[in-house]
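Participant: First the structure, then my questions, so here it is.
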Amino acid sequence: MKYFAVLLGLLRDRDAFLNDIQNEVRLERKIIALLVSSCIFFAVYGAIIGSSSSWLQLIASAIKLPALYLITLVICLPTLYFFDILFGSKLSFGQYITLMLTNMAVISVLLFSFAPVTLFFLISVPDYDFFLLLNVAFFGVTGFVGVKLFYEGMLSLTVPQTLPSTAEQAIAPLPASQSTSSEDRHDFTDEIIAIEDNQDSRIKTKETSANKLQDSRRKLLQAWLILYGLVGSQLGWTLRPFFGAPGEPFQLFRPDIGGNFYINVIQTLLHFLFNY
């Protein structure tokens with residue numbers, strides 16, 4: 001139950017959970033809890049969609065669905081970590097893993113919330129194409145929400161570097177022994193103004209550089225999310241079947257890896273709508 005308590009903490013207060021990640025509070029416990037709970041939810045949903053074919057497919061899908069998300073994480077995480085480090089990230093590898101697992105955990109919970117609906121249509125509408133397209137829609141919606149929350153979480157952990165105050169660096173009290181004549185005061189005022197102008201110029205330069213770096217990191221993250229989606233969908237195609245086609249014997253993996261996920265979805269949609 002302690003594993004699900006961590007997951008509930010994420011769902012109830014994301015800001016506090018992300019703050020714990022930023023401060024590296026008990027990351028190991030969070031990683032284990034999110035990994036275990038998300039795998040359980042994925043396994044349950046995998047068992048439901050696999051039950052449309054046979055008991056063997058039920059068991060295989062219960063194993064393959066968690067494996068799909070875990071393998072996608074393993075494939076894509078190094079790319080995000082090293083490129084983000086190159087563009088100035090200060091996050092540790094453990095923080096990246098925890099953030100990725102929060103994404104996986106959110107998707108697993110959302111899929112699990114669709115489980116009663118999926119089971120209902122499995123029983124009431126015995127149409128393979130409809131059931132397949134319905135689940136593609138569920139996977140798409142949950143994946144979009146999970147990725148969106150992950151993107152927001154990554155941006156929230158990007159803390160701009162605090163620049164030193166101009167006044168603190170430029171203005172310092174005069175030593176007691178220093179002359180306080182009007183001429184000296186005038187010279188000292190000019191010196192302070194020159195220092196302030198110089199500091200303002202340096203601060204603006206640093207802010208411009210920091211903003212450009214942040215913009216580059218944001219674009220990098222957006223490109224990585226596209227890569228993450230492409231890898232996940234194609235890996236799902238490679239690990240198929242998850243449903244098991246009617247009238248075909250049980251297969252752990254399909255021998256023909258050719259083609260891709262998107263073409264198959266379009267073909268299934270055309271067959272469902274027009275019997276094409």
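The values are calculated or read from the model by the stated rules, or taken from the named source; none is laboratory data. Please read all numbers here as calculations on a predicted model, not as lab measurements. Virtual Cβ from ideal backbone geometry, glycine too; neighbours counted across all protein chains shown. Side chains are part of the model used for accessible areas, which takes the heavy atoms of the whole protein and leaves out ligands, DNA and RNA. Shrake-Rupley method; radii C 1.70, N 1.55, O 1.52, S 1.80 Å.
Participant: Go through the stretch 109-139 and count every residue that is out of contact with any helix residue (DSSP H, G or I) (no Cβ under 9 Å at 6 or more places or on another chain) and open to solvent by less than 40 Å² (accessible area, probe 1.4 Å).
Facilitator: Of the residues in the stretch 109-139, 0 are out of contact with any helix residue (DSSP H, G or I) (no Cβ under 9 Å at 6 or more places or on another chain) and open to solvent by less than 40 Å² (accessible area, probe 1.4 Å).
Participant: Here's another thing I want to ask about it. With respect to LEU91, determine if the residue is touching a helix residue (DSSP H, G or I) at 6+ places or on another chain (Cβ under 8 Å) and surrounded by fewer than 18 Cβ atoms within 10 Å (Cβ to Cβ).
Facilitator: Considered against the rule, which asks whether it is touching a helix residue (DSSP H, G or I) at 6+ places or on another chain (Cβ under 8 Å) and surrounded by fewer than 18 Cβ atoms within 10 Å (Cβ to Cβ), LEU91 comes out as no.
Participant: Hey, another quick one. How many of the residues in the stretch 84-105 are assigned to a helix (DSSP H, G or I), touching a Lys or Arg at 6+ places or on another chain (Cβ under 9 Å) and among the hydrophobic types (A, V, I, L, M, F, W, C)?
Facilitator: Final tally of qualifying residues: 1.
Participant: Follow-up. Go through (1) free of Cβ contacts under 8 Å to residues at least 40 places away in the same chain; (2) open to solvent by less than 10 Å² (accessible area, probe 1.4 Å) and name the single condition SER37 misses.
Facilitator: (1)
Participant: Residues of the stretch 220-262 being more than 25 Å from ILE63 (Cα to Cα) and open to solvent by 40 Å² or more (accessible area, probe 1.4 Å), which ones?
Facilitator: GLN222, ALA223, ILE226
Listed here are the residues, each with its yes/no results for (1) surrounded by fewer than 22 Cβ atoms within 10 Å (Cβ to Cβ); (2) more than 18 Å from the chain's Cα centre (by Cα).
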position: VAL6; (1), (2): yes, no
position: LEU10; (1), (2): no, no
position: ARG26; (1), (2): yes, yes
position: SER51; (1), (2): yes, yes
position: GLN57; (1), (2): no, yes
position: SER61; (1), (2): no, yes
position: ILE85; (1), (2): yes, no
position: ILE97; (1), (2): yes, no
position: LEU101; (1), (2): no, no
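Participant: If we scan the stretch 75-84, do we find a residue that is free of Cβ contacts under 8 Å to residues at least 12 places away in the same chain and not aromatic (Phe, Trp, Tyr)?
Facilitator: yes
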